[in-house]
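Undergrad: Mind having a look at this structure? Questions to follow.
The numbers here are math on the coordinates, done by the rules we state, and not lab data. Predicted, not measured: the structure shown is a model, and the values here were computed from it.
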Amino acid sequence: MTPQHVQSILDGFGLGLTVQHFEETTFTSEDAARAIGCELGQMCLMVSDSPVLVVASGDQRLSDAKLAKLLGVGRKKVKIADAEQCVQIFGYPPGGVSPVGHRTEGIPVYLDQTLGRWTEIHAAAGTAHDNFTLSFEQLQLITGGTVIDCVKD
């Protein structure tokens, strides 16, 4: 799946969201902040537990205890998807997993509440060089995600 696929999904919402390509990698939140020219905390990260997608700010650390409680499993059951799972489940490699346009439909999406503190956030769009900018409200709209508290205190 490609950034063009992500763009076609975004176009369907009519919000004017546009995928941008960067020559520098945006693989990690630090790389993306540098390439985009924003603060680290404005980045979206995707973490999955076969198959759950959690979107959180790049300056936060996910709490496996909070996620385990939310999902009704033990902490050891909450794991980050490996590269093969990312491509198989979401259709994108690590560092490029978009919050929309997944290969597998119906994946539950959770959005950490701390993302709401930013006026702009930046989400991966299919590769480690492509991103799009949107508001927290737009992210909620396009993902249908449930807002939760899932980062360490």
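Undergrad: Can you give the alpha-carbon Rg of region 55-123 over 2.2 N^0.38 Å, where N counts its residues? Can you show the working numbers first?
TA: Numbers: Rg = 13.0 Å, N = 69, 2.2 N^0.38 = 11.0 Å.
Output field value: 1.18.
Undergrad: Could you give the length gained on full extension between S135 and K79, defined as 0.36 nm per residue of separation minus the Cα-Cα distance, in nm? Mind dumping the intermediate values first?
TA: Numbers: separation 56, 0.36 × 56 = 20.16 nm, distance 2.75 nm.
Gain on stretching S135 to K79: 17.4 nm.
Undergrad: Oh, and also: Tell me, what ³J(HN,Hα) does each residue in region 98-107 have, in order and in whole Hz, if you take phi through Karplus 6.51 cos²θ - 1.76 cosθ + 1.60 with θ = phi - 60° and put x for Gly and Pro?
TA: 7, x, 9, x, 7, 5, 9, 7, x, 6
Undergrad: So what are the three principal axis dimensions of the chain from its Cα atoms, in whole Å, longest to shortest?
TA: Largest to smallest, the principal-axis extents are 39, 30, 28 Å.
Undergrad: Would you mind checking which residues have amide H under 5 Å from Y110's amide H? H placed 1.01 Å from N; only 5 or more apart, or other chain.
TA: Correct list: L53, V54, V55, T146.
Undergrad: Ok, one more. Considering the chain as a Gaussian network with a 10 Å cut-off on Cα pairs, which listed residue, G74, G101, G58, attains the greatest mean-square fluctuation?
TA: In the Gaussian network model the winner is G74.
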